[in-house]
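The values are calculated or read from the model by the stated rules, or taken from the named source; none is laboratory data. Computed from a predicted model, the values in this text were never measured in an experiment. So basically every Cβ, Gly included, is an ideal-geometry build from the backbone, and we count neighbours across all protein chains shown. Ligands, DNA and RNA are stripped out before the accessible areas are found, and what is left, the full protein with its side chains, is counted by its heavy atoms. Shrake-Rupley method; radii C 1.70, N 1.55, O 1.52, S 1.80 Å.
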Amino acid sequence: MIRHTEARAQWEHDGWCLVDGLFAPEAVTAAAAVMPELYPTAEEFAADVDPDRNRPFREDSHRVMPRFPFEEAALNDLVVHEDLIDLAIEFLGTDDLVMYQAMLSAKYGQGALSDEQLLHVDYGNHTLVVPRHEAGYQQLEMFIYLSDVTVETAATRLVSRQLTGEIPVERAYLNPEQYAELYAAEVSAVGPVGSILVYRPDVYHRGVRMLTPGAARFMLHVSYKPRGTDWLGSHALPNAGEDIAWHRFVQTASPRQLTVLGFPPPGHPYWNAQTLAGVAARYPLLDLSPWRDAARAEGE
């Protein structure tokens, strides 16, 4: 596993960092190539080729955020990429993780006014309590860039946690007039396609409206947390259990990938003759050998 010591140190110090070069270029290219199936291209939006398709991005871009599992395998491959799991393990300090959120977003030049956000922290809709920044209790939020992200294409703005330590924990949103000095201290998380913005749920940040005509930006949002932290979360994956996209994904997923999605790992007490037979019937193309072998070993 490649270590990201400097990036993790910045994440600890400032609350965020950029990681580049984690994915092979072809993996990112494959994911970016499916964007036109899900969103208007920058050119289509600018020319208003399909006004109905464009309308949500002029009113509220958050209305169109497809979630995992995706029909497009290239996107699923990034969400549970082995190297991304390793990155989450390194940052969170535990190898017993689950992926709790994965979705896409798009933003366009001259898009919705609501794209211009206040500085805020994310924990308000990621946890029922407040963040505890120690191994076993924290979560990892990531934006995977599926296009080049620049100041002109509305790079996310962030403020170092070194400047916000005195803000009351319950103050999730910051008024620009009251906190003008923090808005002035924002840093833009610019990076080439394939970069990953990694940040903590207690770092103040904001999205901004893209003003550049004819431009677009696409991101894959992925979040991981330690297993057993029921107070942390966002999307309930079992809701997708009947989706064709989920069944297609399971056919080729590894035990490690399924485990970070909440599947009981090989050797878990859940597995017995009845559950192995039932899961084999539900997912006929899933190779259950690792689960069967572990159950057999437990029974010896």
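Figures for the structure shown
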read-out	value
Highest to lowest packing among 38-49, 213-224, scored as the average C-beta count within 10 Å	213-224, 38-49
Protection-proxy order for peptides 136-143, 264-271, 276-283, each taking the mean of Cβ atoms within 10 Å per residue, highest first	136-143, 264-271, 276-283
Integer Hz, Karplus 6.51/-1.76/1.60 couplings in order for the range 55-64, x for Gly and Pro	3, x, 7, 8, 10, 6, 5, 6, 6, 10
Inter-label distance, nm, simple model (7 Å from Cα along the C-beta direction), Asn239/His133	3.1 nm
Measure of compaction for the range 1-59 (Cα Rg per 2.2 N^0.38 Å)	1.72
Cα-only Debye scattering, the range 47-94: base-10 log of I(q)/I(0) at q = 0.14, 0.31 Å⁻¹	-0.59, -1.01
For the range 136-285, alpha-carbon Rg relative to the globular expectation (2.2 N^0.38 Å, N residues)	1.39
Cα-based shape type of the range 150-195, given that a ≥ b ≥ c are square roots of the gyration tensor eigenvalues and the cut on a/c is 1.5	prolate
Cβ-based net charge around Gly109, under 13 Å, with every Lys or Arg adding one and every Asp or Glu removing one	-1
Share of carbon and sulfur in the accessible heavy-atom surface of the range 210-300 [1.4 Å probe, %]	55 percent
The range 1-158 - percent of accessible surface contributed by carbon and sulfur, probe 1.4 Å	52 percent
nm² value of the averaged projected area, convex hull over the Cα atoms of the range 1-148	10.1 nm²
Largest to smallest principal axis extent of the C-alpha atoms in the chain, angstrom	67, 48, 33
Per principal axis, descending, Cα span of the range 109-161 in whole Å	40, 22, 20
Residue-normalised accessible area of the chain, expressed per residue, 1.4 Å probe, Å²	47 Å²
Estimated inter-spin distance, Glu26 and Ala185, nm [label 7 Å along Cα→Cβ]	4.6 nm
Mean Cβ count within 10 Å, highest first, over the residues of peptides 176-183, 189-196	189-196, 176-183
The range 73-191 - Rg and Dmax from Cα coordinates, angstrom	16.2, 46
